[in-house]
Every structure is written in C-alpha cells, then in structure tokens.
Amino acid sequence: QVQLEESGGGLVQAGGSLGLSCAASGTFFSIYVMGWYRQTPGKERELVAAIMSGGRTIYGDSVDSVKGRFTISRDFSKNTMYLQMNSLKPEDTAVYYCNAVVTLGTMTGRYEYWGQGTQVTVSS
C-alpha cells in the first residue's frame, strides 16, 4: 500500500505564491511518475503538471497559463514532489490532488494512487 501525504494548501491573494508538497510512503519498488491534478466543483479533474522518474516534466495542456507560473520538482531521495505556484490567479482556486504511479517489483505492473487533496483558494 502506498500513502500520499499532501501539504501546503491555503488561502492567498491574487499575485501571491504557494508551495505544495506530496510525500510518498509505504511499500513500493519505484515511482514511475508523480503529478498534480486539480478539480473544481462540477468539473473533471485535470492534470496540472507531472514529473517522470527520469526528471522529465509535463504540464497539462488544458490548464491555461500554468507554464511560467507553476514549477514542478521532485526530490527522488525523499520520494517527495513539489509544486511551486507563483503569480496565482483566482481561476487557480481548486482542490489539488497528488497522484503517483508506482511499481511494486521489477516484473509487476503499475499501480496508481491518489492523495486526499488540498484546497488552494486565491482571492481577488
């Protein structure tokens, strides 16, 4: 079983910054990819950014204007992922979820896990 513990959400004024972190713990062989998703009421959960095991980063195409404002990073030694969010806008308000796809062994498949979510609220 894998646990994802998120931290760092909160309330910030437009133009401000917040940092999120997600620490993976439990029993697994490796982490294939970790990512941040966000969801607002009535909408589907959407990819914000993800970082692969080799360090390659992906930013969600459906998330407007995230590039240049949000930066995803990962500390592989701590199995922890970060999302630095700058120049926040009210439309960035959402519940942000940590996601991880892990392997449990060299010959096993991949398994997906989600964190409980952390609220980010940007006031205008």
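Pairing residues of the stretch 99-124 that are free of Cβ contacts under 8 Å to residues at least 40 places away in the same chain with residues that are small (G, A, S), at Cβ distances under 8 Å and at least 6 apart in sequence or on separate chains, gives E112/A100. Just to be sure before I move on: is G54 within 25 Å of T103 (Cβ to Cβ), without any contact (Cβ under 8 Å) to a residue 12 or more places away in the chain, open to solvent by 70 Å² or more (accessible area, probe 1.4 Å) and not charged (D, E, K, R) in the structure I sent? In short, yes.
Hey, could you check the stretch 57-93 for residues that are closer than 18 Å to R110 by Cβ and among the aliphatic types (A, V, I, L, M) and say which is least open to solvent (accessible area, probe 1.4 Å)? Among those that are closer than 18 Å to R110 by Cβ and among the aliphatic types (A, V, I, L, M), it is M81. Filter the stretch 69-81 for residues that are more than 14 Å from A50 (Cβ to Cβ) and in a strand (DSSP E or B) and give the result. D75, T80, listed by residue number.
Can you say whether Q84 is assigned to a loop (DSSP other than H, G, I, E, B) and under 16 Å from G9 (Cβ atoms), as far as the supplied structure shows?
It is false that Q84 is assigned to a loop (DSSP other than H, G, I, E, B) and under 16 Å from G9 (Cβ atoms).
The residue that is farthest from the chain's Cα centre (by Cα), counting only those in the stretch 31-45 that are hydroxyl-bearing (S, T, Y) and surrounded by 14 or more Cβ atoms within 10 Å (Cβ to Cβ), is Y32. In the stretch 22-40, the residues that are on the phi > 0 side of the Ramachandran plot form Cβ pairs under 6 Å with partners that are open to solvent by 40 Å² or more (accessible area, probe 1.4 Å) and not basic (K, R), at six or more places apart or across chains, as follows: G26/Q1; G26/Q3. Could you tell me which residue of the stretch 87-124 is nearest to E6 (Cα to Cα), considering only residues that are part of a loop (DSSP other than H, G, I, E, B) and among the β-branched types (V, I, T)? Checking each candidate, the answer is T93.
Kindly indicate the residue of the stretch 7-30 that is open to solvent by 40 Å² or more (accessible area, probe 1.4 Å), over 30 Å from G105 (Cβ atoms) and hydrophobic (A, V, I, L, M, F, W, C) and also nearest to the chain's Cα centre (by Cα) among those meeting that condition. This residue is L11. In the stretch 95-121, the residue that is most open to solvent (accessible area, probe 1.4 Å) out of those that are polar (S, T, N, Q) and farther than 20 Å from L18 by Cβ is T106.
The values are calculated or read from the model by the stated rules, or taken from the named source; none is laboratory data. Just so you know, these numbers come straight off a predicted model, no measurement behind them. For neighbour counting, all protein chains shown are included, and Cβ atoms are generated from backbone atoms with ideal geometry for every residue, glycine included. Accessible surface areas use protein heavy atoms only, side chains included; no ligands, DNA or RNA. Shrake-Rupley method; radii C 1.70, N 1.55, O 1.52, S 1.80 Å.
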